[in-house]
Structures are given as structure tokens and as C-alpha cells.
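*Asks:* One structure is given below, represented as C-alpha cells, and several questions about it will come after.
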Amino acid sequence: MQKRIAIIGGGIVGATAAYYLSQLPGGQNVKVTLFDDGVGQATSAAAGIISPWLSKRRNQQWYRLAKAGADLYPELIHDAKLGTDVYQQTGTIVTRSDDSDLEALFALAQERRQDAATMGDVSALSAAEVQAKVPLLTTSHPGVFISGGARVDGAALVDGLLKQATSQNLTIRRERVTLDGQGNVMTSVGLKQFDRVIVAAGAWVKELLAPLGVIADVRPQKGQLIELAVKDFESQERMPVVMPEGERDFIPFGHGKLLVGATHDDEGKFDLKATPEVTADLLGSAQRLMSGLTAESVAATRVGTRAYTRDFAPFFGPVPEHEAVLVASGLGSSGLTTGVQIGRLLAGSALYGGTPDWSDYEKPLTTYLATSAE
């Protein structure tokens, strides 16, 4: 008998889950329906830096999850037949102005590399060497270079994964849906029942789980970045991404496209309008690193809504007392790094069942989900 699985949310988690549900053994016996109205999705507005190894977060579960995501990317991109316009290991440069801070960062990189082969080579760079690797820069501090660091275009990644899945067993419905008290999906054409439902709707998870009597510790955060039209260097497609101290992330793509950002606006929540003051702030950050930029250099702005939990850690797994409903949220600004691993794990759970132990990657789900009676 064919199993029916619904996915609510087509961002990084939902798209990756859909892809793996089309590829894992047994996927030929599954019919998957993904619901997403496309409004406010964080992934499609995002361009990410896949380089978790120098994070100083104390949450070791998050680090293991992010590391697993970074490890998974090369395999995922290869298997899904996606190109360098989606993901490329260009390397990452993290800069520091203080010599002692730079030495500490380099020491951390060497330590982390011992159990993270995906990091590749690690080297300390002078300011001049940073600029040589990234000719777009006219100003820089010295930094640490990690050759395994990568850049990814969120919208292109999601589109590529969903295209692959659609050719197998996925149907996409561009609409907003809700759940009833039993975990059934309420669509524009009525109630639909599924064997499993994956709720991966980011900051909208809170309202989706409410009919189940579940309160999710999730809050929305507005993020904005800008796309700049810059000089098209021959080497630009291979330029490292830069995480400059005190400035916004600097993500070169090919053909004269440079992305700068993103911001973190707790007050903006679900507001999807580009804020002129934020655009000016992002442009100012870029101008401090690169001369010759003007307001006319801004080719586009992107805005999306992220989901955060109280402790800034993601959560995912079967909803307590509603085992047929799987949930993921709270990925925050590192969602492009952690989301692929979360999506893969949820796909396996939805397909094969069981009670997986994901304690290496997250705290108990009851940390983030409570019943309305509690």
C-alpha cells in the first residue's frame, strides 16, 4: 500500500526532506505532497556561508548538527546534480583586527580540523593576502582561511531539490494550509489525511501546531540582505566568502553579483518590506570594505522571516502525543547549514518510522514544545 506523506513548508528543511523521500529506498512506494504559499520563506531570501567550524557557540549539540550539515553538502550537491551556481566550496575567510584574537581563532581552527576533514586546509593570512584572494576588497584586516568553507544560494538550492523530487514522487501545492486537532491537513479543497505530516514552516510552526494543543517556543525575526552589482573579476566565481569582523557577511557570486548581509531584526517579525534604513546600513558596511560603491550599486534586496527559539537552538522530531506529525523549527540564521541534515533525518523517520535518538544534535523536544494544558 502506498504511503502518503505531507510536508508543510518548502524551505531548506522541507525541500531537503522532499528530496530524500524521493531518493531513499522505499521512496517509490511513497506519494509526497508539499504545501507552501511562498510568502516570507527565509531560505528563498537567503544566501549562506557554510562554515560552522569557527563558531564559538557553547552548544555542542548545535555544533555537531551544523558540522554534520556541512559534511553532507558535497554529497547532496553531487547526488542531486546541482551546479556551482547553487553551492561551491570557495573557502571562507574570517578576519580579526587584534593579533591575539587572530591567533586564538587560528588555534581554534587547527583544533576543530582534527575531527572535521571537510574543513580542508587552514591558514593564517595577512591583510594583503586576504585582499589578494578577494580582489573586490579594498580594505581588510588579516584573517584565517578555511578552504572547505562554501557559499550556497538558498533559492537555487530549494528549486533544484524540489525539481529532482517532482520528477519522482512529489506534488507541490502552492497554498497555505492548517492542521486540525488530529493532525489532518486542512486545504483549500477540504480535509486531507496523510500517514505522516512534516511541519517545516519556520516561524509559522507556532500557529500550525496550536490546533494540536501544542505551544511551540518559536519567534519570528526579519532578515534582510542586499545584492550589489560589482566589477566582474575573472576569478569571482571562486572568490572566498568573507566574514569580516564588525561588518556584514560578504558573499561573492559570479558575473558581478555580490551579496551582503543579512540583518537580524526582532521587531520586524513577519514584515516583508525592505527597510530603506537597513539597505543603507548594509551598503555602508560594504562600502567600508570596498571602494566605489554607491546607492546605484544596489541591484536588489531580499527579505525573509527566520524562526528562533529561546536558546537559539533548532528542534526537530515527532511531536509528543502526535507521533504521526514531525516538526522542525528554530533554525535561525544558520538554517542553510543545519537544515539539510535535519531534512534528511526527518525524511528517514517519516519513511521508516521508529523512535530515532537525535540527542547528539538537540535537546529533548519538550524543551521547545509544551501542551496548552501545562
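The values are calculated or read from the model by the stated rules, or taken from the named source; none is laboratory data. Remember, it's a predicted structure, so these values are computed and weren't measured experimentally. Here the Cβ is made from the backbone with ideal geometry for all residues, glycine too, and neighbour counts use every protein chain on show. The area values use the complete protein model at the heavy-atom level, side chains included, leaving out ligands, DNA and RNA. Shrake-Rupley method; radii C 1.70, N 1.55, O 1.52, S 1.80 Å.
*Asks:* Just to check your reading of the model, which residue among T118, T178, T138 is more than 30 Å from R288 (Cβ to Cβ), open to solvent by 40 Å² or more (accessible area, probe 1.4 Å) and of a type in the set (V, I, T)?
*Replies:* None of the other options fit; the residue is T178.
*Asks:* Moving on. For region 73-93: of the residues being modelled with pLDDT of 95 or more and over 13 Å from G148 (Cβ atoms), which is most open to solvent (accessible area, probe 1.4 Å)?
*Replies:* Going through the qualifying residues, I end up with K81.
*Asks:* Also, I was wondering about something else. Based on this model, can you work out whether L24 counts as at pLDDT 95 or above and farther than 22 Å from T90 by Cα? Quick ask: steps written out before the conclusion?
*Replies:* Numbers: at pLDDT 95 or above: yes; farther than 22 Å from T90 by Cα: yes.
So L24 passes the test.
*Asks:* Here's a follow-up. Going through V134, V185 one at a time, which residue ends up being touching a strand residue (DSSP E or B) at 6+ places or on another chain (Cβ under 9 Å) and more than 21 Å from A328 (Cα to Cα)?
*Replies:* So the residue among V134, V185 that is touching a strand residue (DSSP E or B) at 6+ places or on another chain (Cβ under 9 Å) and more than 21 Å from A328 (Cα to Cα) is V134.
*Asks:* Please find, within region 331-374, the residue that is farthest from G27 (Cα to Cα) out of those that are under 10 Å from the mean Cα position of the chain (by Cα) and β-branched (V, I, T).
*Replies:* The qualifying residue farthest from G27 (Cα to Cα) is T337.
*Asks:* I've got another one for you. Quick one: in region 94-115, which of the residues that are among the charged types (D, E, K, R) and under 23 Å from Q131 (Cβ atoms) is surrounded by the fewest Cβ atoms within 10 Å (Cβ to Cβ)?
*Replies:* The selected residue is D99.
*Asks:* When the residues of region 268-279 are narrowed to those that are part of a helix (DSSP H, G or I) and either open to solvent by 60 Å² or more (accessible area, probe 1.4 Å) or of a type in the set (D, E) (or both), which ends up nearest to A45 (Cα to Cα)?
*Replies:* Result: P276.
*Asks:* Right, something else. Which residue, of V158, V144, is open to solvent by less than 10 Å² (accessible area, probe 1.4 Å) and either in contact with a strand residue (DSSP E or B) (Cβ under 7 Å, 6 or more places away or on another chain) or small (G, A, S) (or both)?
*Replies:* Being open to solvent by less than 10 Å² (accessible area, probe 1.4 Å) and either in contact with a strand residue (DSSP E or B) (Cβ under 7 Å, 6 or more places away or on another chain) or small (G, A, S) (or both) holds for just one of V158, V144, which is V144.
*Asks:* While we're here: Filter region 203-248 for residues that are over 30 Å from P142 (Cβ atoms) and under 21 Å from the mean Cα position of the chain (by Cα) and give the result.
*Replies:* Selection gives A203, W204, V205, K206, L208, A216, D217, V218, R219, P220, Q221, K222.
*Asks:* I would also like to ask the following. Out of all the residues in region 43-54, is one or more polar (S, T, N, Q), surrounded by fewer than 24 Cβ atoms within 10 Å (Cβ to Cβ) and in a strand (DSSP E or B)?
*Replies:* No.
*Asks:* Then there's this: Please enumerate the residues belonging to region 192-218 that are assigned to a strand (DSSP E or B), under 22 Å from V39 (Cα atoms) and touching a Lys or Arg at 6+ places or on another chain (Cβ under 8 Å).
*Replies:* A216, the sole residue that qualifies.
*Asks:* Based on what the data block shows, is E245 touching a His at 6+ places or on another chain (Cβ under 8 Å) and not in a strand (DSSP E or B)?
*Replies:* In short, yes.
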